[in-house]
Structures are given as C-alpha cells and as structure tokens.
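A.B. asks: Structure in structure tokens, see below.
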Amino acid sequence: MKWIIWICLLLNVLPLVAQQPVVYTVRGTIVSTDDGKGIPGVNIYLHETKTGSTTDSLGNYSIPNVKKGSYHLHITMLGFAPMDKTIKVDETLKPLNFELQPSYIEIGRVTIESDMLKSGMKEKSLNITVADEEYLLKNYGGSLPQTLEKIPGVTLISMGTGIAKPVIRGLSLNRVIVNDHGIKMEGQQWGFDHGLELDQYDVQRIELIKGATSLLYGSEGIGGIINILPPLIPAEGSLNADVLTTYRSNNHLIANSVGISGNHKKTFYRLRVTTQDFGDYRMPADEFTYNGFVLPLVNNRLKNTAGQERNVTGSVGIVRNWGNLRLTVSNFHQRAGMFAGAIGTPRSYQLTDDGNPRDIQLPMQRNNHFKAVINSKLLIRDSWLHTDLGYQQNYRREESTPHFHGKGPTPKGTLALGLRLDTWTLNSNYHKYLNSRLKMVTGIALQYRSNERDGFEFLLPGYQAANAGALFYLEYTLTERTTLSGGIRFDYGWQHIEQYIEPIYINNETIGGYNQRVGDFTRSFYNPSGAVGLSYSPNQQWNIKVNGARSFRVPSPAELGQNGVHHGTFRHEQGDSTLRSETGIQFDAGAYFSKKKVRFEFTPYFYYFDNYIYLRPTGSFSPFVDAGQIYRYTEAPAIVTGSEMVLEYHPIEKLHLETALEYVHNINLNTNLPLPFTPPFSVSLSGDYDFGALGKKIESLYIGASYKYYAPQNQVDRNELSTPGYSLVQASAGIRLRLGNQELEIQLRADNLLDAKYLNHLSRYRILNLPEPGRNFMVTVKLPLVVLKGKGE
C-alpha cells in the first residue's frame, strides 16, 4: 500500500510539472580537430532526459522537444576523446557546434556522468574510473568485485570463487559504499565472509570514485564508492534482447543470463534473468598445512565450495521532456557451500571425497536480497530535482550441523545464524545553475534499518538504526581551465542495540541461570563533514586535481554490539558500545596527461584518522570450542597513504600497452604496527593487439596478455600472518562476428595461466594456509538481438 501511495503521488505531480508548453530543438555540427570535417555516427544525448541523437554523414545532429532549462550534454564517438558540456536551453539558444579530438586511448572513449554532480571529467576534483559494458564483458569474474579487481587501487577480500568484498586503497567493508540505482546497498557488509548481493550480468555501467565521498554520500564514504548506474533508456520504438553464457573451467561454472529491453511510445521496460552454478574449485596443491597438521586436498579440490545463484531484475518507466521516472525491482538469491574449516578447525575426515564436486552440503550459507527502487528526475523551471526511494530486505542464513558449546540440549534444525535486515531509504537532491559559472546542489538523505536475528549461534543482536543528513555543494568555474568545488554536510545517526540473554545449563535439561551476552543500549552520533577541491587544466593534455575533506563513519552495529564466534573469520569477535564516530582528514591528488597515443595518471593520497576502528587481539581466549582468541573492536589514530600510477601507450593505433602500479602504506599510531589486511605492492604489465575488421564476417578481433607481480606482504599487524610474493599471467582474446543483421561476441580468457600456487593476503582462507584457485579457462558468448530499431538508430 505504501508503494501504491508513492506511485500515485508521483503520477499526480508529474502533469503539474509538465505544464510548460514551450519546447526547443538543440542542434549543431560536430567536426574533427584534424581536418575540420563533420564526423558521422557521433552519439550525443542529454544526461537528464536520456534523449539524444546521432550525427548524419555531414556531422549534423538535432535533438527536438527539449524544455527550457539547464542540461548536461554528452558526446561520444569511437576513436575520439569524449566531450561533456553544460548547456542552457531557452529563447536565446543558438546552434551548438563542437570539435572532437582523435584518440587511441580506450578510457578516453568513456564518458563520466555521475548522477550526483553531472560534471565533466575535468571539472571533478576526485579520481573517477569508469567500467563500461565493454570492460565488464572482457573481465567477468565469479562476482562483481572480482570483475573490478583489474582497476588500479581496487583489490578484494575473498572467500573462494563466488564470495568477495571490494577493497579500495586498503579500505573495505563499512568504509566502501556500493550504490545501486541511487540507493546504498545494505546487507551484512561488516562481515569479511559476506559477499556482494548483486547480479553482475545486470550491470552495464559503473563509476568508481576513489577517496573521500562522505560529503556527497554520507557515512561510510571514506575509502570510496562503487556507483552502479541505471542502464541507459532504450531509444524510442526499439526492442532489444540479449543472451549471455559463461563457462569457467576451474570450478566448472556455468552462467546463463537473458535480457530484454524496449521503449514503446516513451514507456520503457527491461527484464533480466540470470542463473549461475559452480562446483568445488581446484587448487594447484594436494595438501595444506594448518597448525602443524598436514591435511589432504582430495582431487586437488577444496571440498564444499560449490554454489548457485538465481537472480531476476525488472524495471519500467516513462521518459518525457520534463524528465523521467523509473521503478526497478530485483531479487538476488545465492546458496553457497562453506569449507568445513570455516566452522571450527579443519580435520581430515571433513575433507574426504563425496564423489560429487557440485553438491552443496552443510555448512552452507543462503543469501537473499530483495530490492525495489523508484528513481525520478524532474525538471522544475530551469532546475532539476532527483529523488531516489528504495526498500531492501537482506536475509542471510548460515546453516550447519547442530552443535553446542558446553552443556544443554542439542539445538533443533540446521539454522546456525539468521540475520534479516530491512532498510528504507530516501535521497533527494536539487540541482540549480545559479549562473553560467556557478552550480549548486542541495540535498537530504534519510534511512531506517531494522535487523532481526535467529538460529542457535549468536553473533550479532537485533537492532534498529536511523540516519538523516543534509548537504550543500557548490561548483564554480573560475576560468575555462579552473574549477573550484566545495561543500558542507551534517549527519545524525541513531542506533538501538537490543539485549541478548542466553540460558546457562547445569545439565542437558536444567537451567541454572542466565548470561547477558549484550546489554540493551542506545547511541546517538552527530557528524559534520565537508570538502574543498580544485581541478586545473593548463592545456588540453594536462589535468591536475586536489581535494581535501573531513570525512566520518558511524560505527556499525557489529562494532558496537557484536559478541560471538564469527566462523567466517575463525575467531571470537566483541564489539565496544563506547566507540565514537570514526573521523578523518583526507587529501587526494591526481595528475592526468592524455594525448592521441599516450595516457598517464598519478594519484597519490594521504589520510589521517584520529580514531580508526579495527579489531585487535585481547590476549584472552574465548570460552567456546575452536574459537581461539577474543578480538575486540577498538579505536586508535592511524595513517593510510599510498598512490596508483598508470601509463598507457599506443605505438600504433592497434597496439595497446599499459603498466600500472599500486601501493598502500598504513600505520597504527598507538602500536606503530601496520593495520590488518593491507594489500601488498603490485605492478602489472599488459598488452592488446586489435586487428580490427577482417572481411565481412569479422567486425573485430583482438588478442592480449598480462603479467602482474604481487610483492611479499611482511608489513602485518600483531598475530597476522605475512604472505609470500607471487606472479600471475593472464591471456585473452575476443572476436565480434556479423551474423546477418545481428552480432555475436566471444571472449576467451585464461587466468593464472601458469597454474601458480600462491597465497592471497586478503583471502579469508589465508589463515588456513590454503592456496588460491589454479589455472582457469573462461569462455563468454554474448548474442545481442535487435528486434526493432529505435528512432535515430
């Protein structure tokens, strides 16, 4: 009923917004800087309404039926650097002509179009990387974080082949925001063994911002944000479909995804269904050593690491000259086995072959994430109001054979730990151009969460949490080469942690008393934040960025109220109800150089936190079996610093060479030791050769190879294992075939080509000395089907 009321209200408001009858036509010509001739086939569209056009044979374009207002114009064409331009449409509108600069650089072909700021790449003061559909198709992994791992500055905390969490510049979990369709994903992101509940095959475009984003996105925006943008609205009159199949040899993964999208009389729709099944993964070893015991890996496979996914996403919306409205509903369901060593100490009898590498046995985890989001962009006079309203329900179930610690009856059923989190979110931002040089964004963000627990294990209590924030942001174009930006924000956070009491049994039936694991308490947090930035382009080739920010993060309920055995991390973890908000001063900088054949990026950063929250060993041991030491959340001043560097070179148009370096250094200023789970230094070398079109049937063909070296990680926290260095080799190839009026894309890739045996410092299996997956061949086949062409296509 709440959803029906919201939709009815929006549909009643829209006609009022749309009463302005005067419309205009945005037109002009796009030419090349090389010869001044018109460029045919250039894509040009308005960011706010997602309406656009394609240039004709002379480079002319025309976008009719545009209402009076301010818009952000995107211009893209393969082989040319993209262009972004803020335009004002009114009675003074004249033809808008542009010159595009030829470029061989792949990243230059992607347009930045963040919904929050709608600024061009050169106007932004933070580092932003775009992963478009082409990048995703070439780099699909077992999950979305694994797909993004190739981006400099991005690593992941993994647990097998299908469960992973993104790490940006050594910061992860509740320090990295994942935004999907304008709504912050809310699951159990505090857990190292909790994956990202997203269908990666439903993602078309990602903007990854590295650095402090608390000003724009609130609490947890310390390390950065992975911003998953809604798909582009299909052209009017179009009907498209696609079929995608992926196979991975290491764990015999088979994924199938089918999608359909269209636009009928400016009402657009989209549906995608995905299935994914995988078996136990193979390692280049037949044994491993844990606590001095040598344990077998039968058939070189890690038993009970198989899993499956069943995902569906659907959306419907309308697009008019006053903006657009979209409703998206999705459900992600995953069932994955957990290696027996993740529940207590691994033993030989738990590793015996069961004859079926694809079955899923106890212990296992089931994750279901339902999400419904309404996005609206409304033109109000000459300004824009963006509103995102969402509801999420995340239900996580960890199942295992019933067991108990100490005396008492044997628990019934197999549900060890159940966590159900319901989240309501409302974000609304008002964008106004005060004049031709000054842009303003004001906004509010509201969220409410409620978590319930179940099962015979206790880790996290039930809780309720609410957050409210307001922001004010300005962007000022001082000159054509210099842009200044800055803003302030205030957030209020409230959390109520519920009491949890457990019985103490004298024997298997008699209760002798009760033990309070967590008390009932309420906390409030007040957090101001802000940022100032500068983007300076002395010429067309160089862009210099500097950004300083005060950031914050409200402690998670796990950090405040957790008290139990966390099997996914092999330890007993305790929260601290007295923790303060984590605050920091963060400086990000960047130097960018791009010409026709060369691209260079250097992005250093320095972060100081006066109370960084982390888990530390207490020296006391848990009273529970196989739980080890008690680790308690505490806070300490800390420094995180480092940089990324990328150099891309095209000696000829078809040959692409690239090298990238990543380095993270941090220190706990109380202990003078590094913070735990720090990624090691790495350097990569890669090369691709694009043959282009070969005859009438082969539209494109490329081959590639890459090498990446990971240095030994000896800079570790107390009781954290160091990790030896290693090298990985990858090979890839891809072809696009013309089949009549349709296309067929095939991607081939070999990960860990030399079948190297290595340990990943950020893997949750590192503590068990379990090596990472061995050689893995991957084949992805995509068949896009154009049933009906839209206007302008």
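A.B. asks: Given the whole protein assembly as supplied and a 1.4 Å probe, what does the accessible area of Ser249 come to in Å², nearest 10?
C.D. replies: Ignoring ligands and nucleic acids, Ser249 comes out at about 30 Å².
A.B. asks: Can you flag which of Lys150/Lys597; Lys595/Lys782; Lys697/Lys789 are past 31 Å Cα-Cα?
C.D. replies: Details: Lys150/Lys597 22 Å; Lys595/Lys782 33 Å; Lys697/Lys789 21 Å.
Distance filter (> 31 Å) returns Lys595/Lys782.
A.B. asks: Let me ask something additional. Could you provide, to the nearest whole Å², the per residue accessible area of the chain with probe 1.4 Å? Before the final figure, lay out each step's value.
C.D. replies: Values: 31780 Å² over 793 residues.
I get 40 Å² per residue for this part.
A.B. asks: Continuing with the same structure: Compute the label zone of Leu744 within the stretch 223-260: residues whose backbone N is under 14 Å from the point 7 Å along Cα-to-Cβ.
C.D. replies: From the stretch 223-260, the list is 243-245.
A.B. asks: Would you rank Arg366, Arg718 by solvent-accessible area, highest first, keeping every protein chain in place and using a 1.4 Å probe? Don't jump to the answer; show the numbers that get you there.
C.D. replies: Numbers: Arg366 75, Arg718 135 Å².
Sorted by accessible area, descending: Arg718, Arg366.
A.B. asks: Under a plain spin-label model, where a point goes 7 Å from the Cα along Cα-to-Cβ, how far apart in nm are Arg580 and Val329?
C.D. replies: Label at Arg580, label at Val329, 4.7 nm between them.
A.B. asks: Per DSSP H run of n ≥ 4, the term is -39500 (n - 2.57); total these for the chain, divide by its residue number, and report the mean residue ellipticity at 222 nm rounded to 500 deg cm²/dmol.
C.D. replies: Working: 5 runs with 37 residues, N = 793.
Result for the chain: -1000 deg cm²/dmol, rounded to the nearest 500.
A.B. asks: While we're looking at this one, here's another question. Report the full-extension gain for the segment Ala636 to Gln204: residue separation times 0.36 nm, less the Cα-Cα distance, to one decimal in nm.
C.D. replies: Values: separation 432, 0.36 × 432 = 155.52 nm, distance 3.97 nm.
Additional length available on full extension: 151.6 nm.
A.B. asks: So between Phe490 and Phe521, what do we pick up on full extension, going 0.36 nm a residue minus the alpha carbon distance?
C.D. replies: Values: separation 31, 0.36 × 31 = 11.16 nm, distance 2.39 nm.
8.8 nm is the gain from fully extending Phe490 to Phe521.
A.B. asks: log₁₀ I(q)/I(0) of the chain at q = 0.05, 0.08, 0.11 Å⁻¹, via Debye over equal Cα point scatterers, no solvent, to two decimals?
C.D. replies: Relative scattering, expressed as log10 I(q)/I(0), comes to -0.26, -0.69, -1.36.
A.B. asks: Would you work out the relative contact order for the stretch 517-640, in percent, from Cα pairs under 8 angstrom that are 6 or more residues apart?
C.D. replies: Working: 266 pairs, mean separation 28.1, N = 124.
Over the stretch 517-640, the number comes to 23 percent.
A.B. asks: Can you tell me, using C-alpha contacts under 8 Å and at least 6 residues apart, the relative contact order of the chain as a whole percent?
C.D. replies: Details: 2237 pairs, mean separation 80.2, N = 793.
Computed over the chain, the figure is 10 percent.
A.B. asks: Rounded to the nearest 0.05, what FRET efficiency do Leu785 and Asn507 have when you use their Cβ-Cβ distance and R0 = 45 Å? Each step should come with its number before you reach the end.
C.D. replies: On the way: r = 67 Å, r/R0 = 1.50.
The pair Leu785/Asn507 has a calculated efficiency of 0.10.
A.B. asks: Please list 3J(HN,Hα) in residue order for the stretch 729-746, calculated via the Karplus relation 6.51 cos²θ - 1.76 cosθ + 1.60 where θ = phi - 60°; whole Hz, with x for glycine and proline.
C.D. replies: After applying 6.51 cos²θ - 1.76 cosθ + 1.60, I find 10, 10, 10, 8, 7, x, 9, 10, 10, 9, 10, x, 8, 10, 10, 10, 10, 10 Hz.
A.B. asks: Would you mind telling me the share, in percent, of accessible area of the stretch 406-463 contributed by carbon and sulfur at probe 1.4 angstrom? It would help to have the intermediate numbers written out before the result.
C.D. replies: Working: 1340 of 2450 Å².
Within the stretch 406-463, the accessible surface is 55 percent carbon and sulfur.
A.B. asks: With r defined as the distance between the Cβ atoms of Gln541 and Tyr689 and R0 fixed at 35 Å, what FRET efficiency is calculated, to the nearest 0.05? Intermediate results must be reported in sequence, preceding the final value.
C.D. replies: Details: r = 26 Å, r/R0 = 0.73.
Between Gln541 and Tyr689 the formula returns 0.85.
A.B. asks: Of the accessible area of the stretch 570-637, with the probe set at 1.4 angstrom, what percent is carbon plus sulfur? Write down the numbers at each step before the final one.
C.D. replies: Working: 1640 of 2820 Å².
Ligands and nucleic acids excluded, carbon and sulfur give 58 percent.
A.B. asks: Given a Förster distance of 35 angstrom, what is the FRET efficiency for Phe621 paired with Phe587, based on the Cβ-Cβ distance and rounded to 0.05?
C.D. replies: On the way: r = 41 Å, r/R0 = 1.18.
E between Phe621 and Phe587, to the nearest 0.05, is 0.30.
A.B. asks: Hey, another quick one. At 7 Å along Cα-to-Cβ for each site, give me the label-to-label distance between Thr352 and Thr245 in nm.
C.D. replies: For Thr352 paired with Thr245, the spin-label model returns 3.8 nm.
A.B. asks: Mind checking the dipole of the chain: about its Cα centre, +1 per Lys or Arg Cβ, -1 per Asp or Glu Cβ, Debye to the nearest 20? Kindly include the intermediate steps, with their values, before the conclusion.
C.D. replies: Values: 79 positive and 74 negative charges, 307 e Å.
Dipole size: approximately 1480 debye.
A.B. asks: How much length, in nm to one decimal, is gained on full extension between Leu673 and Ile767, taken as 0.36 nm per residue of separation minus their Cα-Cα distance?
C.D. replies: On the way: separation 94, 0.36 × 94 = 33.84 nm, distance 1.91 nm.
Residue separation times 0.36 nm, minus the Cα-Cα distance, leaves 31.9 nm.
The values are calculated or read from the model by the stated rules, or taken from the named source; none is laboratory data. Since the model is a prediction, treat every value here as computed from it, not as a measurement. When we count neighbours, we look across all protein chains shown, and the Cβ atoms used for this are built from the backbone with ideal geometry, even at glycine. Just the protein is used for accessible areas: all its heavy atoms, side chains included, with ligands, DNA and RNA removed. Shrake-Rupley method; radii C 1.70, N 1.55, O 1.52, S 1.80 Å.
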